[in-house]
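These notes concern the structure reproduced below.
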Amino acid sequence: MIKSCYIHIPFCENICSYCDFCKLLYNEKIIDKYLDCLEKEIEEKYKKEKLETIYIGGGTPSCLSINQLERLFEILSRLNKDENIEYTIEGNFSSTTKEKLLLYKKYGINRLSLGIESIDKDNLKFLERKLDTKDVKRKILLMKKLGFNNINVDIIYAIPNESLEILEKDIDFILSLNVEHISTYSLIIEENTKLFINREKNIDEELDFKMYNLITRKLKRKNYIHYEISNFCKKGYESKHNDCYWLNKKYYGFGLGASSYISNKRITNTRSLSKYLQNDYVSEIEELSNDDKIEYEIILNLRLLNGIDLNRFYSRYNYNLLDAFDCNDLIKNNFLQLYKNFLRIPEDKIYLSNEIIVKLLQNKK
């Protein structure tokens, strides 16, 4: 049963230097055509399941006009929603207005996710972003006043020439907002970004690790729970939608470049706008074997601080993970832990999760 749905809105008022997501500059005429095609894709593929999470991402969904947002929400109003649904929309502070927030409330949006990334002028210039800290504070207060009590903000760290002192100021500012959820991302310079074209390099791994530890330490002191490699929240405010991905559950993905996991297939939509506007949605379908599903389960579950629920794993695959993979050395050296029938990476090693997961997968008996 599919209980989650992702909607991709690829349009932005500005293209950031680091972004490798599927994105396009705002174009009013194209957006109207895009929404028509999005509606058609949903009509063709959605099977009327009751959804527990919907996530509208991008791109920058908040850059759409009031009329375009209303059209989008009208399309999505046909989705069958659970009464306790987590309904998220992403945005930037600059394009989030009181009028748009009231529209969100009208259509049942109850979670906001907004990009801050940094408050440092040099960092913002490097990332090609604009931010007014007074506007951020004013908008956060407005959101809370209007009844939004589940707000996430993003921060990017490990930016070239960034110091620990600069990062600490960013964290202190975000903590001052008293939001429910904080996502923290180490900058990775990806192909097809301005930074890659400009031959920028990732920072030293040792400094990256120090920054990660600084973030973790400061957020935990303020009672944020570190529940996934990059994510922290107040008690009870874990992202239900992202848990769907990390727990390897099925989900719909609609829109340009969106991904779905349906009927043992991982489906990736085209990133070509011209193809999408011709209703040629799909670019790739990966048929999963049982071994593929198990590998995905391990990789995704171990992003969570709780790790792999071994009982759940067995019920899904009729497969005892500890019998199939030799974990002894990894456990002996404290790279993995057994705790209340969970297999997890200890928090002080979670930064090394990629290396640990590779070693575990190589130890299949």
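The values are calculated or read from the model by the stated rules, or taken from the named source; none is laboratory data. For clarity, every value in this text was computed on a predicted model and none was experimentally measured. Positions of Cβ are generated from backbone atoms using ideal geometry, with glycine treated the same way; all protein chains shown enter the neighbour counts.
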Does S163 meet the test of being more than 20 Å from the chain's Cα centre (by Cα) and closer than 17 Å to N123 by Cα? yes
Name the pairs: first residue in the stretch 138-158 and at positive phi, second residue of a type in the set (D, E), Cβ to Cβ under 9 Å, at least 6 apart or on different chains? A158/D208
Looking at I2, I7, can you tell me which residue is crowded, with 21+ Cβ neighbours inside 10 Å and modelled with pLDDT of 95 or more? I7
Yes or no: the stretch 279-287 includes at least one residue that is closer than 30 Å to F335 by Cα, among the aliphatic types (A, V, I, L, M) and not assigned by TED's automatic domain parsing to the domain that holds Y26. no
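With of a type in the set (V, I, T) and without any contact (Cβ under 8 Å) to a residue 60 or more places away in the chain as the only criterion, which of I350, I331 stands out?
Exactly one residue qualifies, and that residue is I331.
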Qualifying residues in the stretch 209-238 (those that are out of contact with any strand residue (DSSP E or B) (no Cβ under 8 Å at 6 or more places or on another chain) and of a type in the set (D, E, K, R)) - the one surrounded by the most Cβ atoms within 10 Å (Cβ to Cβ): K218
